[in-house]
1. For segment 137-278: lysine pairs with Cα atoms under 25 Å, gap of 8 or more or different chains, count?
2. How much of the DSSP beta bridge set in the chain is antiparallel, as a percent to the nearest 5?
3. Could you tell me the relative contact order of segment 105-179? Use alpha-carbon pairs under 8 Å, at least six residues apart, and round to a whole percent.
4. In Å², what does the accessible area per residue of segment 227-318 work out to with a 1.4 Å probe?
5. Carbon-plus-sulfur fraction of the accessible area of segment 246-359, 1.4 Å probe, in percent?
6. Roughly how many Å is it from the Cα centre of segment 102-121 to that of segment 282-315, as a whole number?
7. With θ taken as phi - 60° and the coefficients 6.51, -1.76 and 1.60, list the Karplus ³J(HN,Hα) couplings across segment 279-292 in order, rounded to whole Hz; mark glycine and proline as x.
8. Give me the aspartates and glutamates in straight-line cross-link reach of Lys35: C-alpha distance below 17 Å, same-chain residues under 8 apart excluded.
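The values are calculated or read from the model by the stated rules, or taken from the named source; none is laboratory data. Everything numeric here is computed off the predicted structure, so don't read it as measured data. Counting neighbours? That spans all protein chains shown, and the Cβs are built from the backbone with ideal geometry, glycine included. Remember, those area values only see protein heavy atoms, side chains included, never the ligands or the DNA or RNA. Shrake-Rupley method; radii C 1.70, N 1.55, O 1.52, S 1.80 Å.
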Amino acid sequence: MSNSETDAPPMVGGVGTCSYYKNSYLQRRSANVVKEKIDEEIAKKLDFHNLPIASNTFRLADLGCSVGPNTFFHVQDLLEAIKQKYEMQFHTSQIPEFQVFFNDQPMNDFNTLFNNLPQERQYFAAGVTGSFYDRLFPESFLHFVHCSISLHWLSKLPEQLLDKNSPAWNRGRIHYTNAPNEVVNAYASQFAKDMENFLNARSKELVSGGMIVIISQGIPNGMLYSELQNGVMFECMSLSLMDMVKEGVVSEAQVDSFNLPFYAASPDEMTEIVERNGLFNIERMELNDPAAWLKRRINIPEWVVHVRAAMEESFSKHFGGEVLDELFDRLTKKLSKFSDELELKYREKTLLLVVLKRQ
């Protein structure tokens with residue numbers, strides 16, 4: 001059991017103007033890009049004939065659920081696909097009962113989440129707090145695990161990033177974008193350790209034949225992060241903070257000691273981690289275009305509001321809340337100067353879909 005928290009603070013709670021609840025529809029639309037592919041995998045790979053279901057109850061967990069409403073849409077879509085597969089296999093409308101567990105860190109705003117639960121839901125709902133890099137459920141308890149737009153957050157920052165004597169000291173940057181290889185490797189190593197822990201925990205909690213669906217930030221094999229849209233954004237964040245250092249708004253030491261615990265893995269990296277773990281079969285592993293639905297130029301102010309809803313707590317905890325408005329205003333202005341460059345990058349395939357099945 002675990003009550004641990006990661007170095008990534010929770011999303012902005014509540015339902016206010018800057019909340020994640022009100023500013024996460026871009027993430028939802030990106031995740032919807034792979035909905036049909038997930039439905040297809042459930043239809044082909046979820047086998048109720050070989051899936052132990054005690055007490056006629058099917059248990060699903062959404063890990064990293066945040067405050068909603070995205071988690072509710074994901075769960076509804078998954079349950080519809082699961083019910084269709086059950087009816088197809090048994091030719092009956094007498095489906096099992098469903099129990100859904102919404103998981104996130106203890107500091108997550110579960111009040112907002114449960115206050116907005118769908119009234120007409122066809123499942124029993126429960127909240128489970130703790131890091132999904134640790135055990136959360138009893139052994140052989142779950143049948144299906146879903147984790148969307150969450151696993152790119154590391155459990156902790158690599159310690160060498162803050163060591164001035166280390167080649168991985170990330171001076172003047174807040175991410176591994178445009179950083180030396182030692183910094184990139186430190187992030188990659190931490191991600192691999194986290195994923196190993198994630199898979200080991202889920203292997204205990206899932207029944208044999210149970211499935212995991214992961215939707216995460218990814219990167220094409222062999223590509224530098226600076227070549228992607230988010231890479232431009234992280235670089236502009238660093239430049240904005242260094243401008244604020246020059247003006248005395250924040251200190252250089254504050255910037256040097258701050259790093260975002262965010263890592264995007266390639267399909268090759270993820271494949272190697274899963275195969276080395278040896279407890280799951282890879283049913284699907286592919287990158288998708290998260291902006292396939294976007295038919296216009298990117299709206300930079302809208303994008304920054306979404307970024308702020310996801311990352312504000314990290315910046316506030318380190319730099320103080322009084323600098324946030326200025327930081328994200330500067331970020332918006334800097335990104336606007338790179339708008340043409342962003343247009344060339346934002347259609348890269350950076351949404352990683354991973355479907356695993358417990359052996």
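1. Here the count comes out as 6.
2. On the way: 16 of 39 bridges.
Counting DSSP beta bridges with both partners in the chain, the antiparallel share is about 40 percent.
3. Relative contact order here is 16 percent.
4. Details: 3630 Å² over 92 residues.
Counting only protein heavy atoms, the per-residue value for segment 227-318 is 39 Å².
5. 47
6. A separation of 22 Å, based on Cα centres.
7. In residue order, the calculated couplings are 9, 10, 8, 7, 8, 7, 8, 7, 9, 9, 7, x, 10, 4 Hz.
8. Correct list for Lys35: Asp62, Asp77, Glu80, Glu283, Glu286, Asp289.
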